[in-house]
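The values are calculated or read from the model by the stated rules, or taken from the named source; none is laboratory data. What you see is a predicted model, and the numbers here were worked out from it, not measured in a lab. Note: ideal-geometry Cβ built from the backbone for every residue, glycine included; neighbour counts use all protein chains shown.
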Amino acid sequence: MLKSDATPENGSKIQKAWGRLSGSSDRPPRILAVANQKGGVGKTTTAINLGTALAAVGSRVLILDLDPQANATTGLGIVPGPHDPIAYDLIIGDATLAEVVVETEVPDLHVAPTSMHLSGAEIELVRAPRREYRLADALREQAGGYDYVLVDCPPALGLLTLNALVAADGVLVPLQCEYYALEGISHLVRTVKRVKSSFNKNLDIQGIVLTMHDKRNRLCGMVAEDARKCFGSKVYETIIPRNVRVSEAPSHGKPVLLYDLRCAGAMAYARLAREVILRESEIIGMSIHQ
């Protein structure tokens, strides 16, 4: 195994390093679906490390693993037992959120874990009542103690992702800096529009985060430039670089912010968390004044 330089008390070290930007409030949680139907673009990495960074600056965060591959679960060092309730039980209605949620090493960061058994939910939901609203119903009724809920979606536009989009206030889209990225995101944009018109009128793309950027690669720069031309201010200023420490961290069941607090990837996710909080504050402020 690769050697980790993280220590159990690193959660508090992160808070000291970056300070508190936000605290718990009486408002409902902001639910963000981390989605892109293309695999390998950094969805799970973004969900884990953004969630960690948000918790480090004072937010109470829940990461809900809705991908049967369960990478967000294992990436946070969680291994559910064979009889432990998971996200599958939540969405089917056999367990409450409180029964599913597990604490992590990071203060104020919880996870609703999953396993490969979640893949069966796609079939079971087909004939379930309110099949598109199962996750929305569960979260709206039970997630009041959190500031943010990040839903790690599978790389497909099936019923699990649809449930996430129906439940979400916004969609956070990781966009890999490579040739086919913009073509792939156009399908997601169309899906978001359909879900907005049919199921969730408040849904919108909250932001697009450029991932796996290699500044030595001219193509990466061109993709980033094209993304900003297409989506304007929706694209976050923060760019997540390709970083060996980010790739190593999941093998230790740790976010990169615990694995190597000062590496380029960890610092990038810290900056992204600040941008997310500021953008969310603007969105909430506008909704209050409307």
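Each residue in the range 247-273 was checked for being touching a strand residue (DSSP E or B) at 6+ places or on another chain (Cβ under 8 Å) and either farther than 20 Å from Cys220 by Cβ or hydrophobic (A, V, I, L, M, F, W, C) (or both), and 3 pass.
Within the range 197-210, at least one residue is surrounded by fewer than 19 Cβ atoms within 10 Å (Cβ to Cβ), over 18 Å from the mean Cα position of the chain (by Cα) and either aromatic (Phe, Trp, Tyr) or within 20 Å of Tyr236 (Cβ to Cβ) (or both). With the structure loaded, tell me whether Gly120 is within 18 Å of the chain's Cα centre (by Cα), of a type outside the set (D, E, K, R), more than 30 Å from Glu282 (Cβ to Cβ) and surrounded by fewer than 20 Cβ atoms within 10 Å (Cβ to Cβ) or whether it fails that test. So Gly120 fails the test. From the list Ala227, Ala249, the one residue that fits, being within 12 Å of Gln176 (Cα to Cα), touching a Leu at 6+ places or on another chain (Cβ under 8 Å) and aliphatic (A, V, I, L, M), is Ala227.
Of all residues in the range 123-157, exactly one satisfies the criterion of being surrounded by 15 or more Cβ atoms within 10 Å (Cβ to Cβ), outside any strand (DSSP E or B), in contact with a helix residue (DSSP H, G or I) (Cβ under 7 Å, 6 or more places away or on another chain) and acidic (Asp, Glu), namely Glu132. Against the list (1) closer than 24 Å to Gln37 by Cα; (2) β-branched (Val, Ile, Thr); (3) modelled with pLDDT of 90 or more, the condition Ile277 fails is (1). Applying the criterion of at least 2 residues that are farther than 30 Å from Pro80 by Cα and modelled with pLDDT under 95 to the helices (runs of 4 or more DSSP H) found wholly in the range 187-264 leaves 218-231. For the range 22-77, the tally of residues that are β-branched (Val, Ile, Thr), over 25 Å from Leu162 (Cβ atoms) and modelled with pLDDT of 95 or more stands at 1. On the stretch given as the range 187-233, residues that are under 21 Å from Gln37 (Cβ atoms) and either among the polar types (S, T, N, Q) or in contact (Cβ under 8 Å) with a residue 60 or more places away in the chain (or both) total 12.
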